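Below: the structure, in structure tokens.
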Amino acid sequence: MKNRIASFKYALNGIRLMFKSGPNFIIQLIIAFITLSAGLYFQITAIEWTIILICIACVLSAEIFNTAIEKMVDHLSPEKNKYAGEIKDLAAGAVLLFSIITAIIGIIIFYPYLMH
């Protein structure tokens, strides 16, 4: 049980580290808060809530993975390196792609509410 509690503490520490080192994470949290507020205001359906929450969780998780990859690459290859840069670009591209798709999903969900 102690190992389980310790692993939970490590995970919480990882989230805390994101607040310190990830300005994009803060921006994404602000956007998530605005989206959640809009969901409350428009009283979206349970299915729409599920989709929105999954999207938020995936974008925030992708940002955490991206930051972890960047930190690992910087540690393993502190000097300029073409491949290290490509790895970091790929990770950042994954976050951007998921963010764009999530924004499109948000438009699909909220557009009908905005039109009424």
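For the stretch 11-116, what is the charge dipole size about the Cα centre, in debye to the nearest 20, if Lys and Arg each add +1 at the Cβ and Asp and Glu each add -1 at the Cβ?
Around 180 debye, computed over the stretch 11-116.
Would you mind classifying the stretch 2-115 by shape? Square roots of the alpha carbon gyration tensor eigenvalues, ordered a ≥ b ≥ c; an a/c under 1.5 is rounded, otherwise it is prolate if a/b is larger than b/c and oblate if not.
The shape class here is oblate.
What does the charge add up to near residue 14, with Lys and Arg as +1, Asp and Glu as -1, over the other residues with Cβ less than 13 Å from its Cβ? Let's see the in-between values first.
Working: positive: 9, 16, 20, 71; negative: 63.
Once positives and negatives cancel, what remains is +3.
Using the alpha-carbon centroid of each, what span in Å lies between the stretch 1-21 and the stretch 37-92?
18 Å
Sorted by packing (mean other beta-carbon atoms within 10 Å per residue), highest first, where do 5-17, 94-106 land?
Working: 5-17: 10.5, 94-106: 15.5.
For the peptides 5-17, 94-106, the packing ranking is 94-106, 5-17.
Taking only DSSP H segments of four or more residues, each worth -39500 (n - 2.57), what value at 222 nm results for the chain once the sum is divided by all its residues, to the nearest 500 deg cm²/dmol?
-32500 deg cm²/dmol
Since every read-out is calculated from the coordinates, none of them should be taken as a lab result. From a predicted model like this one, the values you see are computed outputs, not experimental measurements. Reconstructed Cβ throughout: ideal geometry from the backbone, glycine too, with neighbour counts over all protein chains shown.
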